[in-house]
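The values are calculated or read from the model by the stated rules, or taken from the named source; none is laboratory data. A quick note: this is a predicted structure, and the numbers were derived from the prediction, not measured. When we count neighbours, we look across all protein chains shown, and the Cβ atoms used for this are built from the backbone with ideal geometry, even at glycine.
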Amino acid sequence: MKILLVNKFYFEKGGAERYLFSLQDLLEDAGHEVVPFAMRHPKNVKTEADRFFVSRVDLERPRFSWQGIRAAGRVIYSFEAVRRLRALLAVFKPDVAHLHNIYHQLSPSVLKALHDGGVPIVQTLHDYAYLSPSYGLFDHGAVCERVKPRRYFAAVGHRCVKNSFFASILDAAAYRLHAALGLDERLVDRLIAPSEFVKRKFAEWGRDEKKIEVLPHFIDAARTEPVYVPGDNLLYVGRLSEEKGIGVLVAAMERLTEERLKIVGAGPMERRLKDYVASAKLRNVEFAGALDHPATLRAIAASRLVVVPSLSHETFGYAPLEAHALGKAVIASSVGALPEAVMHGETGLLVPPNDVDALVKAVKALSDNEPLMRRFGAAGRERVLARYRPEDHLARLEEIYRKVLY
């Protein structure tokens, strides 16, 4: 089968890209022919398909200027993406297109190009971009669903997008236009939700749940060697941003004086967190920076337990499941899809989000009980081995592809 993988980034920027590259390897190993379509970027993995990629646009810092207005137009509809994608389709002639994150850098204009070209579309829902301009359903420190179900301009007054009036009104206008033109999930033949939570959330917002298939990402636990003996430190792995709850965990370390925390990751909160640690004289917090995937796995294997303190509706749960694959117990927030990744009282503990007291209590209860940590870690690994196997994921995905083809 010839499969087109579409994602705005073609380097490992986050969990969506980690899945993208793992999926590409899985499909190619199974004999499928795969070609990517993305935005050009200095960090991109080398590929011959780069000549079809769209030009780079920087949307990290929204600004009102000529460059900002040009970028705004591309967010609404990218004629370049349509032109370049059509050129790629003419050469590659895919059987199916598997989309991932397309908003902003590529825009939903790619949906029209694929639909007009008669290419069946499957899309994995890595976020809630089809529901809200605040596509993490999070802003100003809390879960945000104020635009539900399609009240997009409700995002403007609250500056829901990057706390920017300009970015919020741009995205609200883009969403309204996309909805009016049918440039949204209605053009997708099958949506893939990586958790039951995501499917429920889309159904709750009035989307057609009949076209949503639940297919969690895969974890190749069989290739890893578990380390059940607890190490010396707590571990956080992820983006250093507000929605990930890292600020809550660092605050908890003021009371967990007998514990050490290692933080693996980078992000917009890094400077603020380091200043807080310095001002509070927290000698039990270490910043390891962003690590590549093999180094991250080594950090997990050497840890005592892994903490996932998210405040937002996570769509999957790579961090806790990779920790379980390596035989580690996990403490996670009971939010989004995390309760599907961590079984409370079986593979770890769940705590309410943004609750420092509950987090401190859970860390003390688990860290002081080595037999329980070992038991949780072993149960977590067995669960990952049973439920998240690459071969099972491939078989289900091929079935989904066949559904849209025939």
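Restricting the search to the range 319-329, which residues are among the aliphatic types (A, V, I, L, M) and farther than 23 Å from Asp127 by Cα? It would help to see each step written out before you state the result.
Residues of the range 319-329 that are among the aliphatic types (A, V, I, L, M), as a first pass: 319, 321, 323, 325-326, 329.
If the condition is that a residue be among the aliphatic types (A, V, I, L, M) and farther than 23 Å from Asp127 by Cα, then Ala325, Leu326, Ala329 are the ones that fit.
Condition first: part of a loop (DSSP other than H, G, I, E, B) and either modelled with pLDDT under 95 or within 14 Å of Phe138 (Cβ to Cβ) (or both). Now tell me which residues in the range 241-260 satisfy that. First the steps, then the outcome.
Step one: of the range 241-260, the residues part of a loop (DSSP other than H, G, I, E, B) are 241, 245, 253-260.
Across the range 241-260, the qualifying residues are Ser241, Gly245.
Being in contact with a Gly (Cβ under 6 Å, 6 or more places away or on another chain) and in contact (Cβ under 8 Å) with a residue 24 or more places away in the chain, is that true of even one residue in the range 268-287?
Our first condition is that a residue be in contact with a Gly (Cβ under 6 Å, 6 or more places away or on another chain); within the range 268-287, this holds for none.
No; the residues of the range 268-287 include none that is in contact with a Gly (Cβ under 6 Å, 6 or more places away or on another chain) and in contact (Cβ under 8 Å) with a residue 24 or more places away in the chain.
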Report every pair of residues separated by at least 6 positions or lying on different chains whose Cβ atoms are under 6 Å apart, first residue within the range 73-102 and assigned by TED's automatic domain parsing to the domain that holds Ala49 and within 25 Å of Thr315 (Cβ to Cβ), second in a helix (DSSP H, G or I) and β-branched (Val, Ile, Thr). Ala81/Val110; Ile102/Val110
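Out of Phe197, Phe202, Phe166, which single residue is more than 22 Å from His126 (Cβ to Cβ) and assigned to a helix (DSSP H, G or I)? Don't jump to the end; show me each part of the working.
Details: Phe197 fails: more than 22 Å from His126 (Cβ to Cβ); Phe202 fails: more than 22 Å from His126 (Cβ to Cβ).
Testing whether each residue is more than 22 Å from His126 (Cβ to Cβ) and assigned to a helix (DSSP H, G or I) leaves just Phe166.
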Got a sec? Which of Ala332, Ala378, Ala358, Ala362 is out of contact with any Pro (no Cβ under 8 Å at 6 or more places or on another chain) and either among the hydrophobic types (A, V, I, L, M, F, W, C) or outside any loop (DSSP other than H, G, I, E, B) (or both)? Ala362
